[in-house]
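*Asks:* One structure follows; several queries about it will come next.
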Amino acid sequence: PPAVLETVEIPNWLANKDDYDLSNLTADDLLNLAKISHQQSHDFFPDNQNTLVYLLKAKELGVESTEIEQLLTTLHASLYDQAEQAINNYDAQNLTALTARLKSIDNQDPKITVYTNQIGVIYTLQRLSGEISGHIENNRLYEADQNDAVHTLISALNVDATYQPLLNLKIQTLNQIQVQALRAAQELDFSIADTQVSIMRELDSNHDITTATITDIQAQKQNRFTYLDQQFYTAINNLNLNRAANMIEELGELEIAVAQMSGYQALFEKTRIYGPHEISDEFNDILNTGGTGPSMVVMPTGNFYMGTQTGAKHQRPRHLVQINYGFAVAKHEVTVREFQQFISATNYKTTAEKNNRADIYDEGTGRFKDKFNINWRHDFLGKLADSNLPVIHVSWQDAKAYADWLSSATGESYRLPSETEFEYLLNANNAKIYPWGDDEPTQIWGNFSGAKDKFKRSRIKWREGFNDYEDGYWGPAPVGSFIQSLFGLYDLSGNVMEWVEDCWHDSYTRAPRDGSAWVNRGCDNRVIRGGNWASAIEEYQIHHRVNAEVKRTDPRIGFRVAKTFNY
């Protein structure tokens, strides 16, 4: 608020001049006395014996004298000069006396008002200076009610920005605020430091103390930024997300650009989801038994619509799923060699081994038949399988046992993919029907049943396969024989069908919307996904799903694993 100026009354200087008797003096006597006092520089003082008194008394006698008028003019000019000097010296007492004498010469002189106002200004400055000193002494530098040193200084400086006592008080105030600002910065409380700097700017943004304080605090912020930035990236590299989050919080106190803070947040979020990996990275975890686990590919997060509104009941309803966690999926189906690692490490007995039988493909009839002594070691014909073929003749229980062992052997979170994840992977290019598009394949996309495929040299052909399609395989192909999907995976549809984690449900009503598996304790039926080397055309469709008992084995069923990232 603007300062309230002091009100000043100019006294009547002539009120007591009759106390000194000059009545016995003639006009010439008074003029001579005036000349003598003028020569002695006693124009206005002492109070009753000065040039001005003598001249005014001479004029009262009615004498018309050029000398008197000339000397009065000289005094008038001298009054102006001395008054200006008093103003420059902020001498209110002297200026009051001079103004009173000016008023006695000519009470209509416009300078009287000017000087009277200036006297009020000087008294106001003196009063405000006293208030400011009191505020400083009581450490009331900046208060909400504005009854403090800073606001009073601002009001006073608006009255007169050159008054030296005010300038001294401003320096004193800035110095005290500077101490508080620098102490806060040294204690890493930059919020308080910035508040103190804003107060200094409010008082005088261009003052050397203010600019020096800003420079000092900016240097401390830069040093702090350098440290926090380094610590953030170290924490990220060490996957210490709690510390990285703390570093982001502290970086946020440094007034860093929004784009740069967004960069920290984005990297933190990516690391929270994917750890040290990038999307599409490939890696192999080390087994505690020696060697490495399956080749895994990092999947992107995302959302998609699962199911269809026009398909069978068990494919409905179509619903939105959001996958916002990090996970990786095996690049290809688990191979015979990889399954052998599991068996060698655990002496596990598969369902087929316990039953001592499993189905194989009969070369003579072109049908599947039950045969003794068939298990994971064999191919679809019942012969010993090559190590790079997908393992078959395995039940859901066998696939789950492998995933559990892999978790134990690596210390990581391995599992079977959820059904939602599997359809998400099949739907990588947002197709509506098949993983590769909405039409029948026009080039070799995978190991599918095709009208041109033949079993060896026999006349057996696929009656329900794709027209004009031939991929060169009758039965499972070695993993990775065909092109990868957009997510970098092989044989999601085709080659062999794959077990997933979910229990079977007749529809998607109340199905999870977050990508997790839909599991009911003790369920005996699980889900199989993806087509196989002998499927009918509709079984290659994205939404196709099969209900199977957990103990079922088949030369068309295998599996792959997934891994959840936990960072």
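*Asks:* Here are the criteria: (1) surrounded by fewer than 15 Cβ atoms within 10 Å (Cβ to Cβ); (2) closer than 24 Å to L95 by Cα; (3) modelled with pLDDT under 85. Tell me which single one P1 does not satisfy.
*Replies:* So the condition that P1 fails would be (2).
*Asks:* If V150 satisfies every condition in (1) touching a residue at least 12 places away in the same chain (Cβ under 8 Å); (2) outside the structural domain of S205 (by TED's automatic domain parsing); (3) within 60 Å of the chain's Cα centre (by Cα) but one, which is the exception?
*Replies:* Going through the list (1) touching a residue at least 12 places away in the same chain (Cβ under 8 Å); (2) outside the structural domain of S205 (by TED's automatic domain parsing); (3) within 60 Å of the chain's Cα centre (by Cα), V150 breaks only (2).
*Asks:* I'd like to check which helices (runs of 4 or more DSSP H) are fully inside segment 166-279 and have at least 2 residues that are out of contact with any strand residue (DSSP E or B) (no Cβ under 7 Å at 6 or more places or on another chain) and closer than 28 Å to E137 by Cβ.
*Replies:* On the way: elements: 190-204, 208-237, 241-251, 258-274.
Where helices (runs of 4 or more DSSP H) fall fully within segment 166-279 and carry at least 2 residues being out of contact with any strand residue (DSSP E or B) (no Cβ under 7 Å at 6 or more places or on another chain) and closer than 28 Å to E137 by Cβ, they are 190-204, 208-237.
*Asks:* In segment 342-352, is there at least one residue being exposed (fewer than 15 other Cβ atoms within 10 Å of the Cβ) and closer than 25 Å to F482 by Cβ?
*Replies:* Initially, segment 342-352 is screened for residues exposed (fewer than 15 other Cβ atoms within 10 Å of the Cβ), giving 344, 347, 349.
Filter once more, so that each one left must be closer than 25 Å to F482 by Cβ: none.
Checking segment 342-352: not a single residue is exposed (fewer than 15 other Cβ atoms within 10 Å of the Cβ) and closer than 25 Å to F482 by Cβ.
*Asks:* Given the criteria modelled with pLDDT of 90 or more, among the polar types (S, T, N, Q) and closer than 30 Å to N147 by Cα, does T116 qualify?
*Replies:* On the way: modelled with pLDDT of 90 or more: yes; among the polar types (S, T, N, Q): yes; closer than 30 Å to N147 by Cα: yes.
Spelling it out, T116 is indeed modelled with pLDDT of 90 or more, among the polar types (S, T, N, Q) and closer than 30 Å to N147 by Cα.
*Asks:* Can you work out which of the residues in segment 219-254 that are surrounded by 11 or more Cβ atoms within 10 Å (Cβ to Cβ), among the charged types (D, E, K, R) and under 17 Å from the mean Cα position of the chain (by Cα) is nearest to I192 (Cα to Cα)?
*Replies:* If we take residues in segment 219-254 being surrounded by 11 or more Cβ atoms within 10 Å (Cβ to Cβ), among the charged types (D, E, K, R) and under 17 Å from the mean Cα position of the chain (by Cα), then E253 is nearest to I192 (Cα to Cα).
*Asks:* A further question follows. State all residues of segment 261-281 that are hydrophobic (A, V, I, L, M, F, W, C) and within 18 Å of R243 (Cβ to Cβ); if no residue qualifies, say none.
*Replies:* Taking segment 261-281 as the starting set, the residues that turn out to be hydrophobic (A, V, I, L, M, F, W, C) are 261, 266-268, 273, 279.
Residues satisfying the conditions are M261, A266, L267, F268, I273.
*Asks:* If you don't mind, there's one more thing I want to ask. What pairs come up if the first residue lies in segment 236-260 and is more than 14 Å from K270 (Cα to Cα), the second is basic (K, R) and assigned to a helix (DSSP H, G or I), and their beta carbons are under 6 Å apart, counting only those six or more places apart or on different chains?
*Replies:* Going by the 6 Å Cβ cut-off, the qualifying pairs are L254/K221.
*Asks:* Given the options G522, G558, G480, name the one that is modelled with pLDDT under 95 and farther than 21 Å from I323 by Cβ. Let's see the steps before the verdict.
*Replies:* Working: G558 fails: modelled with pLDDT under 95; G480 fails: modelled with pLDDT under 95.
After ruling out the rest, the residue left standing is G522.
*Asks:* Here is a further query. Can we say G494 is touching a residue at least 24 places away in the same chain (Cβ under 8 Å), touching a Ser or Thr at 6+ places or on another chain (Cβ under 7 Å) and closer than 22 Å to A428 by Cα?
*Replies:* Numbers: touching a residue at least 24 places away in the same chain (Cβ under 8 Å): yes; touching a Ser or Thr at 6+ places or on another chain (Cβ under 7 Å): no; closer than 22 Å to A428 by Cα: yes.
Spelling it out, it is not the case that G494 is touching a residue at least 24 places away in the same chain (Cβ under 8 Å), touching a Ser or Thr at 6+ places or on another chain (Cβ under 7 Å) and closer than 22 Å to A428 by Cα.
*Asks:* If you don't mind, there's one more thing I want to ask. Among the candidates A97, A34, A86, single out the residue that is in contact (Cβ under 8 Å) with a residue 60 or more places away in the chain and in the same structural domain as N117 (by TED's automatic domain parsing). Walk me through it before giving the result.
*Replies:* On the way: A34 fails: in contact (Cβ under 8 Å) with a residue 60 or more places away in the chain; A86 fails: in contact (Cβ under 8 Å) with a residue 60 or more places away in the chain.
When all the criteria are applied, what remains is A97.
*Asks:* Taking the criterion of being within 30 Å of E255 (Cα to Cα), assigned to a loop (DSSP other than H, G, I, E, B) and in the same structural domain as R201 (by TED's automatic domain parsing), would at least one residue in segment 131-139 satisfy it?
*Replies:* Of segment 131-139, the ones within 30 Å of E255 (Cα to Cα) are 139.
In the following step, the residues that additionally are assigned to a loop (DSSP other than H, G, I, E, B) were identified as 139.
After this cut, where a residue has to be in the same structural domain as R201 (by TED's automatic domain parsing) as well, the list is 139.
Yes: segment 131-139 contains one or more residues that are within 30 Å of E255 (Cα to Cα), assigned to a loop (DSSP other than H, G, I, E, B) and in the same structural domain as R201 (by TED's automatic domain parsing).
*Asks:* Please specify each residue of segment 517-535 satisfying the condition of being part of a loop (DSSP other than H, G, I, E, B) and either farther than 19 Å from L492 by Cα or of a type in the set (F, W, Y) (or both).
*Replies:* Our first condition is that a residue be part of a loop (DSSP other than H, G, I, E, B); within segment 517-535, this holds for 517-524, 530-535.
Hits for segment 517-535 are W518, V519, N520, R521, G522, C523, D524, W533.
*Asks:* Further question: Within 14 Å of I537 (Cα to Cα) and in contact with an Asp or Glu (Cβ under 8 Å, 6 or more places away or on another chain): is that true of E470 in this structure? Break it down stepwise before answering.
*Replies:* Details: within 14 Å of I537 (Cα to Cα): yes; in contact with an Asp or Glu (Cβ under 8 Å, 6 or more places away or on another chain): yes.
Spelling it out, E470 is indeed within 14 Å of I537 (Cα to Cα) and in contact with an Asp or Glu (Cβ under 8 Å, 6 or more places away or on another chain).
*Asks:* May I ask you to list the residues in segment 63-81 that are small (G, A, S) and surrounded by fewer than 13 Cβ atoms within 10 Å (Cβ to Cβ)?
*Replies:* Start the filter on segment 63-81 by keeping residues that are small (G, A, S), which leaves 65, 77-78.
Hit for segment 63-81 is A77, nothing else.
*Asks:* Within segment 109-124, how many residues turn out to be in a helix (DSSP H, G or I) and under 20 Å from L14 (Cβ atoms)? Walk me through it before giving the result.
*Replies:* Applying the first criterion (in a helix (DSSP H, G or I)) to segment 109-124 yields 111-124.
Retained after the next criterion (residues that are under 20 Å from L14 (Cβ atoms)): 111-113, 115-116, 119.
Final tally of qualifying residues: 6.
The values are calculated or read from the model by the stated rules, or taken from the named source; none is laboratory data. This one's a predicted model, so the numbers in the text were calculated from it and none came from an experiment. Here Cβ is always computed from backbone atoms with ideal geometry, including for glycine, and neighbour counts include all displayed protein chains.
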